[in-house]
Amino acid sequence: MKIYKVGGAVRDKLLGYPSSENDWVVVGAGPEKLQALGYTPVGKDFPVFLHPHTREEYALARTERKTGHGYGGFTFYCGEDVTLEEDLQRRDLTINAMAEDDQGEIIDPYGGQADLAARLLRHVSPAFEEDPVRILRVARFAARYHHLGFRVAEDTLTLMRAMVDKGEVDYLVKERVWKETERALGERSPQIFVQVLRDCGALARLMPELDRLFGVLQRPEYHPEVDTGIHSLMSLAAAARLSPTPLVRFAALIHDLGKGLTPEAEWPRHIAHEVRSLPLVESLCDRLGAPKEFRELSMKVAEFHTHAHRAFELRPTTLLQLLKQLDAFRRPQRWEDFILCCEADSRGRTGFEDRDYPQSNYLRQALNECKSVDQKAIAAAGFTGLDFGKELDRQRLQRLEALKSQTNH
């Protein structure tokens, strides 16, 4: 029995990139032997075991054979005669198909180190096309390592296009698509994930509402980048600079879906695109299986982002209504997330990337002013029920009117 460190930990060590977890492969042993050594079986589809002390995952070396469509259409063989090279060959990318033995020696049968040096994401073998999840994984790795100069190899991109053309991505289950999408949104350059999906044709299948924005023109005086799809990617990149959370990044990415429904004769204006966005946000979230909090924030940002841009022009009554529609008094973090998305929208334009967005602080101040109203004093003055709410709103409006007056001066 031999044990090797494999995959991401080996790749990131060679890159000098931070890595948080180790994966191990066991060659020359069966399930019985590992269990006799105290390992706990956890794998449902194929034998994976937890180390008795570290609790890290140890997988038996295996080969796999395609038996159906999609991610789950495989049978696995985990015999003691499976070699390390055979196990590594079934992996997605050459940079993920390296192993390290207990002496620190690198086993690299498929050129992973050369592709690391060349900054290439390249498939290991033609078996890559048997699993459509690999399209999402390649796009995610492209997002993770873009700042280091990595790109998808042309032959791999060609293979990904062929997989899309064959309809393989149509067999992806939404839970897996969302899992990869959410992870990609957390990477350093999440906009690259979307760009790679578009480059291979997968975006049109997985997120047609977003794909439709490319080629849709906007007014150049407001959007020097002109193309709505490019603006969406730039908004995502801006959101990634403003917030580490996939929640904010996702809502910033899809805030303008309604512009894809504007009749071409009306371009480059997009009147009422905010309301037209709402059913598209719903359908996209349904298809991806996005969690409720992602859907809710995305809907609010799509509907009200132009309110934020016009914050200094809003009447105090309108601003108070906006605070209520965002449920800002009970959920101040959502208000903050909304503000960050709107700032990302503003900065997601050519030449505006580093431009100040003073609306952010104004909107934060608006919530703070409203929260400064003494509700206990209102209750002590005898206000109850509906009258309490009316008095609370009256005093909140006073605060917002004073804030607007100060800001205008």
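Just so you know, all these numbers are worked out from the coordinates, no wet-lab data involved. Keep in mind that this is a model prediction, so the values were computed, not measured. As a convention, Cβ positions derive from the backbone with ideal geometry for all residues, glycine included, and neighbour counts pool all protein chains shown.
Hey, among Ala252, Ala204, Ala238, which residue is out of contact with any Leu (no Cβ under 8 Å at 6 or more places or on another chain), assigned to a helix (DSSP H, G or I) and under 18 Å from Val301 (Cα atoms)?
Ala238
Give me the residue from the stretch 17-57 that is touching a helix residue (DSSP H, G or I) at 6+ places or on another chain (Cβ under 7 Å) and outside any loop (DSSP other than H, G, I, E, B) and, out of that set, farthest from Gly149 (Cα to Cα).
That would be Pro41.
Residues that are surrounded by 15 or more Cβ atoms within 10 Å (Cβ to Cβ), touching a residue at least 24 places away in the same chain (Cβ under 8 Å), touching a His at 6+ places or on another chain (Cβ under 9 Å) and in a loop (DSSP other than H, G, I, E, B): does the stretch 365-374 have at least one?
First pass over the stretch 365-374, keeping only residues surrounded by 15 or more Cβ atoms within 10 Å (Cβ to Cβ): 365-367, 369-370, 373.
Within this subset, residues satisfying the condition of being touching a residue at least 24 places away in the same chain (Cβ under 8 Å) are 365-367, 369-370, 373.
Now narrow it down to the ones that are touching a His at 6+ places or on another chain (Cβ under 9 Å): none.
No, the stretch 365-374 has no match at all.
Please go through the stretch 261-275 and pick out each residue that is in contact with a helix residue (DSSP H, G or I) (Cβ under 8 Å, 6 or more places away or on another chain), farther than 20 Å from Pro224 by Cβ and either of a type outside the set (A, V, I, L, M, F, W, C) or not in a loop (DSSP other than H, G, I, E, B) (or both).
Leu261, Glu274, Val275, listed by residue number.
When you go through (1) crowded, with 18+ Cβ neighbours inside 10 Å; (2) part of a helix (DSSP H, G or I); (3) free of Cβ contacts under 8 Å to residues at least 60 places away in the same chain; (4) of a type in the set (A, V, I, L, M) one by one for Ala162, which number turns out not to apply?
Of (1) crowded, with 18+ Cβ neighbours inside 10 Å; (2) part of a helix (DSSP H, G or I); (3) free of Cβ contacts under 8 Å to residues at least 60 places away in the same chain; (4) of a type in the set (A, V, I, L, M), only one is false for Ala162: (1).
Can you say whether Leu278 is within 14 Å of Phe250 (Cβ to Cβ), in contact with an Asp or Glu (Cβ under 7 Å, 6 or more places away or on another chain) and either in a helix (DSSP H, G or I) or not polar (S, T, N, Q) (or both), as far as the supplied structure shows?
The answer is no for Leu278.
Within the set of pairs 6+ apart or on separate chains, which have a first residue in the stretch 380-407 that is touching a residue at least 40 places away in the same chain (Cβ under 8 Å), a second that is exposed (fewer than 15 other Cβ atoms within 10 Å of the Cβ), and C-beta atoms under 7 Å apart?
Leu397/Thr317; Thr407/Phe312
Would you please name the residue that is surrounded by the most Cβ atoms within 10 Å (Cβ to Cβ), looking only at residues in the stretch 167-182 that are more than 14 Å from Phe128 (Cα to Cα) and without any contact (Cβ under 8 Å) to a residue 40 or more places away in the chain? Even if it seems obvious, please write down each step before you answer.
Taking the stretch 167-182 first, the residues more than 14 Å from Phe128 (Cα to Cα) are 167, 170-182.
Next cut, without any contact (Cβ under 8 Å) to a residue 40 or more places away in the chain only: 167, 170, 179.
Values: Gly167: 11, Asp170: 12, Lys179: 14.
Restricting to residues being more than 14 Å from Phe128 (Cα to Cα) and without any contact (Cβ under 8 Å) to a residue 40 or more places away in the chain, the top hit is Lys179.
If we scan the stretch 242-261, do we find a residue that is more than 22 Å from Val177 (Cα to Cα) and surrounded by fewer than 16 Cβ atoms within 10 Å (Cβ to Cβ)? Spell out how you get there, then give the answer.
If we filter the stretch 242-261 for residues that are more than 22 Å from Val177 (Cα to Cα), which is where we start, we get 242-243, 258-261.
If we keep only those that are surrounded by fewer than 16 Cβ atoms within 10 Å (Cβ to Cβ) too, we end up with none.
Checked against the condition, which is being more than 22 Å from Val177 (Cα to Cα) and surrounded by fewer than 16 Cβ atoms within 10 Å (Cβ to Cβ), the stretch 242-261 yields no hits at all.
Are any residues in the stretch 325-353 in a helix (DSSP H, G or I) and either loosely packed, with under 14 Cβ neighbours inside 10 Å or touching a Cys at 6+ places or on another chain (Cβ under 6 Å) (or both), and if so, which ones? Explain how you work it out, then say what you get.
Filtering the stretch 325-353 for residues in a helix (DSSP H, G or I) gives 325, 332-347.
If the condition is that a residue be in a helix (DSSP H, G or I) and either loosely packed, with under 14 Cβ neighbours inside 10 Å or touching a Cys at 6+ places or on another chain (Cβ under 6 Å) (or both), then Gln325, Gln333 are the ones that fit.
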